[in-house]
1. Extending each Cα 7 Å along its Cβ direction at residue 270 and residue 43, get the distance between those two points in nm, one decimal.
2. What would the Debye equation give as log₁₀ I(q)/I(0) for segment 87-300 at q = 0.12 Å⁻¹, counting only Cα atoms as equal point scatterers?
3. Quick one: work out the % antiparallel among DSSP beta bridges in segment 87-300, nearest 5.
4. Based on the Cβ-Cβ distance of residue 111 and residue 69, what FRET efficiency does E = 1/(1 + (r/R0)^6) give at R0 = 25 Å, to the nearest 0.05?
5. Could you sort 57-64, 163-170 so that the peptide with the highest average Cβ count within 10 Å comes first and the rest follow in order?
6. Using bins 5 angstrom wide from zero, how does P(r) for segment 174-242 break down, in % of all Cα pairs?
7. What length, rounded to one decimal in nm, is gained on full extension from residue 183 through to residue 62, with 0.36 nm per residue of separation minus their alpha-carbon distance?
8. Give me the log10 of I(q) over I(0) for segment 242-301 at q = 0.12 Å⁻¹, as the Debye formula computes it from C-alpha points; what are the numbers?
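Only the coordinates and a few stated rules stand behind these numbers; no lab work does. Predicted model, so just to flag it, every value in this text is computed and none were measured. Don't worry about glycine lacking a Cβ; one is built from the backbone with ideal geometry, like all the others, and counts go over all protein chains shown.
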């Protein structure tokens, strides 16, 4: 079988060993998510990360809850089932049972509110938005919050050579009239909760503030209902929100989602099952899907 060559990701060095571990895991997940069909060995993954096989195995299992081999097996089984099989009924069922369906991974619980259309039209005028950059399993994450809750979560897209400044400027375009203040201490609690699965508890929700049009918010609320480890199409969402002919508009709203990972736009695929686009890069979309698939398999083991 032909082996593809994927270069390890390179980003600006972070300040702690824990942050370095985050970056190694992000690269490992991206590599396995892209090469799962080749059933890559532990030795091949370790060589890609420039680690010893023993260190690679220990680090991966500590962060992901299962070995690299089990992770690849989980992705293989998931693809064999077909991500889009019965997707519409899955979305309907998810809406019925809420965020705690018995057959699902214990998902990231959130509570949310939407700002008024007037607030959105003012493009953030009068809002103070704090921001900070934090390490995550999927690379450097930019979190933006108001006093009411988390309003933005983005990633620095290293595949495009993006810097922190570029990522911040991209998000600021969404609310150009807001006043931005860097305050990592205020965004850190959100980051710890979001990127630490053991902290995902119903009585400790992540408070989200959705700033968009009425249509955008309806689409984003539907995204919150997609079960972990499953995917739906744009058409499924359009049908569910009562606008079956608006799949193109749904696609645009999904692309405008300002809360990556927490509002899981990465779980939306094209109707043919292909990945489609992703604002923060397809490598990261594969990593997000692969990470969720692996964690779901670990809970079933």
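1. 3.7 nm
2. -0.60
3. Rounded to the nearest five, the antiparallel share is 45 percent.
4. 0.10
5. My ranking of the peptides, most packed first, is 57-64, 163-170.
6. Here the calculated profile for segment 174-242 is 3, 11, 16, 18, 19, 17, 11, 4, 0.
7. 40.6 nm
8. Debye intensities relative to I(0), on a log10 scale: -0.34.
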